[in-house]
Amino acid sequence: LKLATAKTNDNNTVLYASLDGHRYVRVEEVAAKPGYGWLRGVTDVKALMERRDDATTLLAQALENIEVDHGTSLELLELGPPIGHPRVIMCIGRNYPLHVAEGKADMPDRPLLFSKFSNTLIGQNGVVPFPSITKELDYEGELALVIGKRASRISELNAFEYIGGYTIINDISARDLQELDLQWIRGKSLDGFAPIGPVVVTTDEIIDVNQLRIVTTVNGEVRQDALCEEMHFKIPQLLAFITEGITLEPGDIVATGTPAGVGLGFDPPRYLRPGDNVTVTIEPIGSLSSIIGDVLR
Ligand code: MG
């Protein structure tokens, strides 16, 4: 199942779902059918996953079994973040050894956690604001997990059960602010610093998460190209580590770190400039594109 949220003319959000990956139908159409009233009022992926632990499975079954509209293609929708206001956007820093090396940093001996706020989230083809307080705007293509059910003190052995789906996040970073401040809040959480999407793909469609390939391009030039198997701390380790002391809830997001090839890693560094198009691709999730905005003064 693939899930997307789109903006309506009156600025509300509507959740869409697709089984074949091409035609998307409004979930509210399913909610109108007998037995699916529990879907009423669900407007994004978080709301869906909060309703019940098996929400995506039941929705997928519904779309296979009941008569719905012929649907619309993703390209015709104005996509927003699949989750507009997650409680938590947990991020992992320095999780790909070659990226740690390019940043001349030390490999952490346990997962390095930080977070971003929901003011950072923008959707497909969104414009990343470029405030003049930074001169070193950078990209980080990453696989993100969407938590599907409450996870507290979970074991590595069944960690995947708690994942509701996968999406793409671009962990936009202001390198100079990361360096200047004693921690990373400004460097990582300025407005619009987390393009996300285009869709959430449920776990049943991902056969082996280690074989997912992250490719990031800037104006068409490939900058990052790596398999998720290069992660140092694997997904089960990350979720077990986080939930030892922090409960994750449905709709929470976990960004799993970025591979080598960020702008910081080049000599001289190749930071983003106004008008640049950054696209992060992870199939079968798709391609997440963003435009870097003009410098705000
Ligand atoms: Mg990152």
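Quick check, is Glu67 farther than 20 Å from Gly164 by Cβ, more than 18 Å from the chain's Cα centre (by Cα) and either loosely packed, with under 13 Cβ neighbours inside 10 Å or of a type in the set (A, V, I, L, M, F, W, C) (or both)? Steps first, answer last, please.
On the way: farther than 20 Å from Gly164 by Cβ: yes; more than 18 Å from the chain's Cα centre (by Cα): yes; either loosely packed, with under 13 Cβ neighbours inside 10 Å or of a type in the set (A, V, I, L, M, F, W, C) (or both): yes.
Yes.
Go over the candidates Thr134, Thr167 one by one and state the one that is within 15 Å of the ligand (Cβ to nearest atom), crowded, with 16+ Cβ neighbours inside 10 Å and within 30 Å of Gly220 (Cα to Cα).
Numbers: Thr134 fails: within 15 Å of the ligand (Cβ to nearest atom).
From the options Thr134, Thr167, the qualifying one is Thr167.
Every residue, every condition in (1) of a type outside the set (Gly, Ala, Ser); (2) at pLDDT below 95; (3) under 22 Å from the mean Cα position of the chain (by Cα), yes or no:
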| residue | (1), (2), (3) |
| --- | --- |
| Gly21 | no, yes, yes |
| Asp44 | yes, no, yes |
| Ala47 | no, no, yes |
| Arg51 | yes, no, yes |
| Ile89 | yes, no, yes |
| Gly93 | no, no, yes |
| Ala101 | no, no, no |
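Hey, among Ser155, Ser189, Ser173, Ser115, which residue is in contact with a strand residue (DSSP E or B) (Cβ under 7 Å, 6 or more places away or on another chain) and surrounded by fewer than 20 Cβ atoms within 10 Å (Cβ to Cβ)?
Numbers: Ser155 fails: in contact with a strand residue (DSSP E or B) (Cβ under 7 Å, 6 or more places away or on another chain); Ser189 fails: surrounded by fewer than 20 Cβ atoms within 10 Å (Cβ to Cβ); Ser173 fails: surrounded by fewer than 20 Cβ atoms within 10 Å (Cβ to Cβ).
Criteria check complete, one pass: Ser115.
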Residue that is at negative phi, open to solvent by 30 Å² or more (accessible area, probe 1.4 Å) and of a type in the set (Val, Ile, Thr), where the choices are Ile207, Ile242, Ile214, Ile253: Ile207
Unmet criterion (only one of (1) without any contact (Cβ under 8 Å) to a residue 60 or more places away in the chain; (2) away from the ligand (no atom under 16 Å from the Cβ); (3) not β-branched (Val, Ile, Thr)) for Ala105: (2)
So if I check each of Leu1, Leu39, Leu58, Leu48, which one is within 19 Å of Ile147 (Cβ to Cβ), open to solvent by less than 10 Å² (accessible area, probe 1.4 Å) and free of Cβ contacts under 8 Å to residues at least 60 places away in the same chain? Leu48
Could you check Gly21 against (1) in contact with a Leu (Cβ under 9 Å, 6 or more places away or on another chain); (2) not in a loop (DSSP other than H, G, I, E, B) and say which number it fails? (2)
Test Glu140 against the criterion of being acidic (Asp, Glu) and open to solvent by 50 Å² or more (accessible area, probe 1.4 Å), and give yes or no. no
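The values are calculated or read from the model by the stated rules, or taken from the named source; none is laboratory data. Because the structure is a prediction, the values reported are computed rather than measured. Reconstructed Cβ throughout: ideal geometry from the backbone, glycine too, with neighbour counts over all protein chains shown. Only protein heavy atoms, including side chains, enter the accessible area calculation; ligands, DNA and RNA are left aside. Shrake-Rupley method; radii C 1.70, N 1.55, O 1.52, S 1.80 Å.
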